[in-house]
1. Apply 1/(1 + (r/R0)^6) to the Cβ-Cβ distance of residue 135 and residue 9, taking R0 = 22 Å, and write down the FRET efficiency to the nearest 0.05.
2. Could you state the accessible area per residue of the chain in Å², with a 1.4 Å probe and every protein chain left in place?
3. Might you report the magnitude of the Cβ-based charge dipole of the chain about its Cα centre, with Lys and Arg at +1 and Asp and Glu at -1, to the nearest 20 debye?
4. Accessible area of the chain with a 1.4 Å probe: how many percent of it is carbon plus sulfur?
5. Return the calculated 222 nm mean residue ellipticity for the chain, to the nearest 500 deg cm²/dmol, obtained by summing -39500 (n - 2.57) across DSSP H runs with n ≥ 4 and dividing by the residue count.
6. Starting from the 7 Å offset along Cα-to-Cβ, what nm value, one decimal, do you get for the label separation of residue 61 and residue 94?
7. Take the Cα atoms of the chain, find their three principal axes, and give me the spread along each one in whole Å, biggest first.
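The values are calculated or read from the model by the stated rules, or taken from the named source; none is laboratory data. Here the structure is a predicted model, which is why all the values come from computation and not from measurement. Here the Cβ positions follow ideal geometry from the backbone for every residue, glycine too, while neighbour counts run over all protein chains shown. Only protein heavy atoms, including side chains, enter the accessible area calculation; ligands, DNA and RNA are left aside. Shrake-Rupley method; radii C 1.70, N 1.55, O 1.52, S 1.80 Å.
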Amino acid sequence: MRFLDNIQDNITDESAAYGYTLSIWGSGALLLNNFTMTPSAILAFVFGGVVGFALLAAISFRGFFREVESPEVQHIAASMIHIFASLGSVLITYLAVTNVESFSMAFVFLIGAHVTFTYNILLVFEELISEDIYRLERK
């Protein structure tokens, strides 16, 4: 069934971006619902996301100028849903947004950084669990 193979390829390729998109949009929507987001506040959110991504790159590659290799990872299909990474990062945003007493550019910046950073850290845990389940299923 080539059709199902194509769908499998698509969702495998889109998996990480799908979960990240849910996290960013969910967190952005929470900010928009609770605060007046001026253009500068939106830029602060996006800049926070860029800084969070840069921080992850610097930590994981031990700098910005190392060669990047992408190893193939064995995992199960359920790991591509990103329940913990997507919902976990948005839940933290929800808790922060609904409990903050005053809105500031620093807060919006930190939400942007948090979503990128937290999503990727939780994604690593999901992948590790998935790899363990995959190995157990193969025994």
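1. About 0.40, to the nearest 0.05.
2. Using a 1.4 Å probe on heavy atoms only, each residue of the chain averages 69 Å².
3. Charge dipole of the chain: 260 debye, to the nearest 20.
4. Answer for the chain is 67 percent, counting heavy atoms of protein chains only.
5. Details: 4 runs with 101 residues, N = 139.
After summing the helix terms and dividing by the residues of the chain, the value is -26000 deg cm²/dmol.
6. 3.4 nm
7. Extents along the principal axes: 53, 34, 28 Å.
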